[in-house]
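*Asks:* Okay, handing you the structure first.
Nothing in this text is a laboratory measurement; each read-out follows from the coordinates by a stated rule. The structure presented is a predicted model; accordingly, all values stated were derived computationally and were not measured. With ideal geometry, Cβ positions are generated from the backbone for all residues, glycine too; neighbour counts draw on all protein chains shown.
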Amino acid sequence: MAACFASKWSMAVSRSLLGNLSSNNLGSLGKPQDLTSLGYNGLFFQQQLRTFIQMRTKLKVVDNSGAKWVRCIQALKGRKGARLGDTIIASVQEAQPRGKVKKGEVVYGVVVRAAMPRGRCDGSEVKFDDNAVVLVNKQGEPIGTRVFGPVPHELRKKKHLKILTLAEHIA
Amino acid sequence: MAANALSYSLAHISTCSCSKKLSPSIFSSPPLISLTPRRAPLPSSSLDALVVRFPSPLSRRFRHFTASAASDNSVEGEAEVEDAEEESEIPAEGADVVAEEKPPRKPRIKLGDIMGILNKRAIEASEKQRPVPDLRTGDIVEIKLEVPENKRRLSVYKGIIISKQNAGIHTTIRIRRIIAGIGVEIVFPIYSPNIKEIRVVKHRKVRRARLYYLRDKLPRFSTFK
């Protein structure tokens with residue numbers, strides 16, 4: 001919740017910045033060579049550019065393993081970061097008192113929802129409103145017994161069938 | 001507006017003529033010609049009409065030059081008109097002769113039109129398979145998709161169109177919906193063969209082409225049963 005409030009505030013700030021920049025294009029910048037940076041800023045701030053899940057990304061945990069949210073410490077597979085359907089190594093930041101995992105534990109997780117759009121082979125793209133992860137063990141089996149919220153088709157190809165069967169809704 | 005310009009120009013011209021000692025006949029003629037309401041101005045008067053309408057930046061010397069040029073142009077213009085008439089007669093005869101010999105020419109396909117033509121063909125081919133209804137931002141639609149991974153049955157996606165990007169065959173629509181408490185946006189290429197059916201269920205009045213503001217609003221605005 002705090003994360004989404006922060007994102008809204010930053011978006012509002014970025015929009016206001018864009019507004020200021022566009023109102024007096026050359027007045028504030030002066031030199032013509034800054035036009036490219038202004039153009040880049042416009043591209044950056046018009047739509048929030050969602051990127052990969054990398055180190056220090058906070059992710060919500062959507063199973064009943066006991067953890068509330070985790071922080072990514074390593075994205076396995078992917079030089080730039082993890083995407084929808086990838087596995088990550090994360091550190092539990094907050095956990096419920098009596099759960100299967102405790103705070104500070106290093107766990108594996110499968111990204112089931114990502115704010116970055118993921119392209120499918122038929123030309124469609126899917127994106128969710130938040131980043132979420134399901135904790136798994138080294139073999140890829142989920143630690144919890146329930147998965148909340150929608151999960152994408154991509155997990156089928158990545159052989160996370162157990163998570164798909166537990167899921168409430170397949171997007 | 002023309003009258004004001006005219007009056008200003010007349011005053012200007014009168015001051016000019018006093019200083020330059022030129023015959024008033026040359027200066028009096030142009031404003032009268034420009035008053036004619038005819039659509040197609042005579043070639044001699046067009047330059048004068050321009051001069052009359054925009055008098056301010058012109059110096060007196062230039063005005064004198066244009067007046068003399070106008071008097072010359074009137075003579076030249078008539079000659080040009082005669083020549084044009086003669087020339088138009090000759091090519092007309094030539095065209096008749098040429099047309100009898102060859103069949104009508106096919107329109108040449110220009111390089112820049114190729115993508116447009118290909119896109120149109122692809123869209124026609126896709127429309128024959130499955131007609132696509134007229135979709136606009138704000139429509140609440142239901143899409144039935146066949147996914148090769150999910151071989152069981154057609155997946156159904158319902159939601160509001162928040163944007164439509166036109167790109168020929170890759171025209172896409174972005175559907176937003178709250179599924180199980182989480183907002184999901186999916187981009188569909190509407191001419192894809194995987195889409196088995198698109199049906200417009202309802203329409204919501206929106207005053208925008210892209211409804212990205214729905215991401216910040218309460219979830220109930222993106223919820224569709």
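*Asks:* Looking at segment B:106-199, how many pairs of lysines come closer than 25 Å at the Cα, when each pair is eight or more places apart or spans two chains?
*Replies:* Summing the qualifying lysine pairs gives 17.
*Asks:* Which whole number gives the average count of other chain Cβ atoms within 10 Å of the Cβ atoms across peptide A:147-159?
*Replies:* 2
*Asks:* Just checking the output field for A:117-124: average partner chain Cβ neighbours within 10 Å of each residue's Cβ?
*Replies:* 6
*Asks:* Quick one: in segment B:129-225, what % of C-alpha pairs are over 20 Å apart?
*Replies:* 34 percent
*Asks:* Moving on. Structure shown: which of A:LYS58/A:LYS103; A:LYS80/A:LYS162; A:LYS138/A:LYS159; A:LYS68/A:LYS158; A:LYS102/A:LYS162 lie over 20 Å apart, alpha-carbon to alpha-carbon?
*Replies:* A:LYS80/A:LYS162; A:LYS68/A:LYS158; A:LYS102/A:LYS162
*Asks:* Roughly how crowded by other chains is peptide B:185-194, in terms of the mean Cβ count from those chains within 10 Å of each of its Cβ atoms?
*Replies:* For peptide B:185-194, the averaged partner shielding equals 4.
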